[in-house]
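To keep things clear, I will list the structure first and then write my remarks on it.
The values are calculated or read from the model by the stated rules, or taken from the named source; none is laboratory data. Keep in mind that this is a model prediction, so the values were computed, not measured. As a convention, Cβ positions derive from the backbone with ideal geometry for all residues, glycine included, and neighbour counts pool all protein chains shown. With ligands, DNA and RNA removed, areas are computed over all heavy atoms of the protein, side chains included. Shrake-Rupley method; radii C 1.70, N 1.55, O 1.52, S 1.80 Å.
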Amino acid sequence: MTANLIAGAVAFIVAALGALIWYANRAGKNAASVSTSEAAKTSADATTLKAQSMAQAQADKPATEDAVLQRLGDGTA
């Protein structure tokens, strides 16, 4: 009877460790997925901001050469 109890306890411990390893593996994969998603979002935000800035610059483009030089320079042109 004691041998059966020990075998059951060992089987339970092995199953519990297996479950913990599986859970940790899934958590690691989920964390990697979140990191990748956050990096993709940051990249998309930067691209969107650049496109918005370019569109705004196109809409606000100066009409004269002096306005272009003033925008590009320090304002003393």
May I ask which residue of Ala55, Ala15, Asn4 lies farthest towards the positive end of the charge dipole of the chain, with charges of +1 (Lys, Arg) and -1 (Asp, Glu) on Cβ and the Cα centre as origin? Asn4
Nearest 500 deg cm²/dmol is fine: what mean residue ellipticity at 222 nm does the chain get from its DSSP H runs of n ≥ 4 alone, each adding -39,500 (n - 2.57), divided by its residue count? -31000 deg cm²/dmol
From most to least accessible, 1.4 Å probe, no ligand or DNA/RNA atoms counted, Val68, Val10 line up as Val10, Val68
Radius of gyration and Dmax for the chain's Cα atoms, expressed in Å? 30.9, 98
Excluding residues fewer than 8 positions from Lys61 in its own chain, the lysines with Cα under 23 Å of it are Lys50
Once all protein chains are kept in place, Leu72 shows an accessible area at probe 1.4 Å, nearest 10 Å², of 140 Å²
Please list Met54, Met1 from largest to smallest accessible area, probe radius 1.4 Å, with all protein chains kept in place. Met1, Met54
Note: Ile13 to Ala59 extended length (0.36 nm per residue) minus current alpha-carbon separation gives 9.7 nm
In whole percent, the fraction of accessible protein surface over the chain that belongs to carbon or sulfur atoms, probe radius 1.4 Å, stands at 66 percent
Solvent exposure of segment 27-71 as accessible area per residue, Å², 1.4 Å probe: 82 Å²
